[in-house]
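Asker: Pasting a structure below so you can have a look.
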Amino acid sequence: MSQKLKSEIARRRTFGIISHPDAGKTTLTEKLLLFGGAINLAGAVKARKAARHATSDWMKMEQERGISVTTSVMKFNYRDYEVNLLDTPGHQDFSEDTYRVLTAVDSALMVIDSAKGVETQTEKLMAICRMRNTPVITFINKLDREGMSPLDLMADIEEKLQIECAPLAWPIGMGKRFKGVYNLYRRQLNLFTPGQETRNQDILTIESLDDPRLDELLGSQADELREDIELLEGAANPFCLEDFLKAHQTPVFFGSAINNFGVRELLDAFVELAPPPGPRMTETREVRPDEEQFSGFVFKIQANMDPMHRDRIAFLRICSGRFQRGMKVRHHRIGKEIGLNNAIIFMAQDRSNVEEAWPGDIIGLHNHGTIKIGDTFTSKEPLRFTGIPSFAPEHFRRVRLKNPLKVKQLDKGLTQLAEEGAVQVFRPLIGSDWILGAVGVLQFDVTMERLKNEYGVEAVYEGIDFAAARWVDCDDRKKLEEFERKNQANLARDAEGNLTYLASSEWRLGYVQEQWPEIVFHKTKEHC
Ligand code: G4P
């Protein structure tokens, strides 16, 4: 058994894509799934995104098609590897889930638009990867268009994301002059034919850059490539696996997702370099994936897949041991044993009952209101995985009830929605309102829709003059009390009773932090 466990772990890769909207995440995802043999999927990921853009009433659409659960985890095989690609929602469905998904992966793939360089959402997502030292592989996309020079792109990444770049491939020209990519380590030339979406590309192994075939194939660009490579040998960082695994360095690839160019190379390197599931910290000890005991934690809850049954699915990442259908596990927070008979596993387009799963895999559990984000399940030992936090909200709304008699329902609804991570709720120290906080504004629409449909609460939002939040604490009780007294108008308690400072702007937050050096302002908060 332990040998089987070890080999299943070794062949698993669980990752997410980080990118700014429009960099090419959807296109790349589709190509990766195509290589993974989910051929009938061509167009499906794209279609979902297009439909979502086109409709304002996206909730209904999700309900009707049950799509988002199946695309939340995309499992596929590639060579001998089992790959779990976790969706990191972008565009208008950017939310706290996007951040939290990154706490459940072992590595990330960063997609950068070659014309735009590093953009804001990528910076935010990289900050989350940095929290757990998640190794990141970079794919610079859209080389078939004019963009920034490769050196400038790498300098931009190094400067904005504070990570060293090590090119593993080098592009030859760009835009109309884009000829292909030279693989620096395999010394192979991969030639680009525009519009060719096939899986097989012309790959030529070049023993030396002096090879005259280079001139035949690339014309004057052969010399440009030679100069670039010479320059790189002096200037660029050599790739170091250890630095990559420590998240100090990112290997860089170039290509064009839409043309399926450079994607296979990327995927080959990804499965070879990216780490298998590793150990994870709990409050009491580190858990190794090859421990016989089953353990896992919930990082996402997806609701409303079936409005008739208020179906909710909790996504659990397996951290150690083997999952078997029907096994009994302890739900430690509520102190109960539960049988996992109907857990689901997500294949590219389907979901089906899972018989067996291994560390790195994601399984879906039916949740009837007893599962919270951060909950840990194990076969025996009481454990609590750490590092699945809440993230400081950036958008805020005040909730006003239309019917004051529904106060109880509102309280219940908001408390449950907060437990599921759909939205964060705060009670100001002064007044009796609810203030909602979110990382992405769509979370507010989802919350309102669910309050109405699931809890029968009619409410409206009012704008509120807050733009940043931090959880606060201080070792010195007296100091904290003084802070509380003097800042009452800006303080609230979250769903778990933690004191939170709400600021009207980042500037104002910085100012208060300077004024109160003894108070610690936290950008993330562990669930408890
Ligand atoms: P996202 O999920 O990161 O938001 O990006 P997505 O893949 O949807 O790509 C955004 C746009 O960039 C799409 O164009 C897509 O076709 C285009 N794109 C992706 N990869 C490449 C590439 O390698 N080269 C070029 N030139 N374009 C690329 P769109 O016009 O928004 O959509 P569509 O009409 O093409 O579907």
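The values are calculated or read from the model by the stated rules, or taken from the named source; none is laboratory data. Since the model is a prediction, treat every value here as computed from it, not as a measurement. We place every Cβ from the backbone using ideal geometry, glycine too, and count neighbours over all the protein chains shown. Areas reflect the complete protein model, heavy atoms only, side chains present, ligands, DNA and RNA absent. Shrake-Rupley method; radii C 1.70, N 1.55, O 1.52, S 1.80 Å.
Asker: Please work out the Cα convex hull volume for the stretch 281-378 and give it in Å³ per residue.
Answerer: Hull volume over Cα atoms, normalised by residue count, gives 98 Å³.
Asker: Using the Cβ atoms and a cut-off under 13 Å, what net charge is assigned to the surroundings of Pro404, where Lys and Arg are +1 and Asp and Glu are -1?
Answerer: +1
Asker: Summing Lys, Arg as +1 and Asp, Glu as -1, what charge do residues with Cβ under 15 Å from the Cβ of Glu123 carry, Glu123 excluded?
Answerer: Neighbourhood net charge equals -2.
Asker: What are the equivalent ellipsoid semi-axes of the chain, built from the alpha-carbon gyration tensor (square roots of five times its eigenvalues), in whole angstrom, biggest first?
Answerer: 42, 27, 23
Asker: Normalised by the residues of the chain, what does the relative contact order come to in percent, with Cα pairs under 8 Å and at least six apart?
Answerer: Normalised by residue count, the contact order of the chain is 14 percent.
Asker: Using alpha-carbon pairs under 8 Å, 6+ residues apart, how would you state the relative contact order of the stretch 389-526 in percent?
Answerer: Values: 243 pairs, mean separation 44.7, N = 138.
32 percent.
Asker: May I ask you to evaluate 6.51 cos²θ - 1.76 cosθ + 1.60, the Karplus curve with θ = phi - 60°, for each residue of the stretch 459-476 and list the ³J(HN,Hα) values in order in whole Hz, giving x for glycine and proline?
Answerer: 9, 10, 9, 10, x, 8, 7, 10, 9, 8, 9, 9, 6, 10, 7, 6, 5, 8
Asker: Asp80 versus Gln488, label points 7 Å from Cα toward the beta carbon: distance in nm?
Answerer: 6.8 nm
Asker: Contour minus end-to-end for Ala127 and Lys176, with contour as 0.36 nm per residue of separation and end-to-end as the Cα-Cα distance? List each step's numbers first, then the result.
Answerer: Working: separation 49, 0.36 × 49 = 17.64 nm, distance 3.48 nm.
Result for the pair: 14.2 nm of gain on full extension.
Asker: Calculate the all-directions average of the projected area of the stretch 121-212's alpha-carbon convex hull, and give it in nm².
Answerer: It is 7.5 nm².
Asker: Here's something else I'd like to know. Rounded to the nearest 0.05, what FRET efficiency do Ser2 and Tyr185 give with R0 = 41 Å and r taken as the Cβ-Cβ distance? Could you check?
Answerer: Efficiency, from the Cβ-Cβ distance: 0.75.
Asker: While we're looking at this one, here's another question. Taking K and R as +1 and D and E as -1, what net charge do the other residues with C-beta under 13 Å from the C-beta of Gln162 add up to?
Answerer: Surrounding charge for Gln162 is -3.
Asker: Moving on. Determine, at each q value in 0.14, 0.21 (inverse angstroms), the log₁₀ of I(q)/I(0) that the Debye formula gives when each Cα of the stretch 421-522 is one equal point scatterer.
Answerer: One equal scatterer on each Cα of the stretch 421-522 leads to -0.58, -1.12.
Asker: Next question. Between Thr284 and Asp268, 0.36 nm times their residue separation minus their Cα-Cα distance comes to what?
Answerer: 2.1 nm
Asker: Okay, moving on. Quote the relative contact order of the stretch 281-378 in percent (integer), defining contacts as alpha-carbon pairs under 8 Å separated by 6+ residues.
Answerer: Value for the stretch 281-378: 33 percent.
Asker: Return the carbon/sulfur percentage of the accessible area of the chain, one whole number, probe 1.4 Å, all protein chains in place.
Answerer: 49 percent
Asker: With every protein chain kept in place and ligands, DNA and RNA left out, what is the accessible area per residue of the stretch 389-526? Probe 1.4 Å, answer in Å².
Answerer: Per residue, the stretch 389-526 has 49 Å² of solvent-accessible surface.
Asker: Follow-up question, since we're still on this one. Within the set Lys300/Lys406; Lys25/Lys142; Lys300/Lys525; Lys75/Lys336; Lys116/Lys142, which residue pairs have Cα atoms separated by over 19 Å?
Answerer: Lys300/Lys406; Lys75/Lys336
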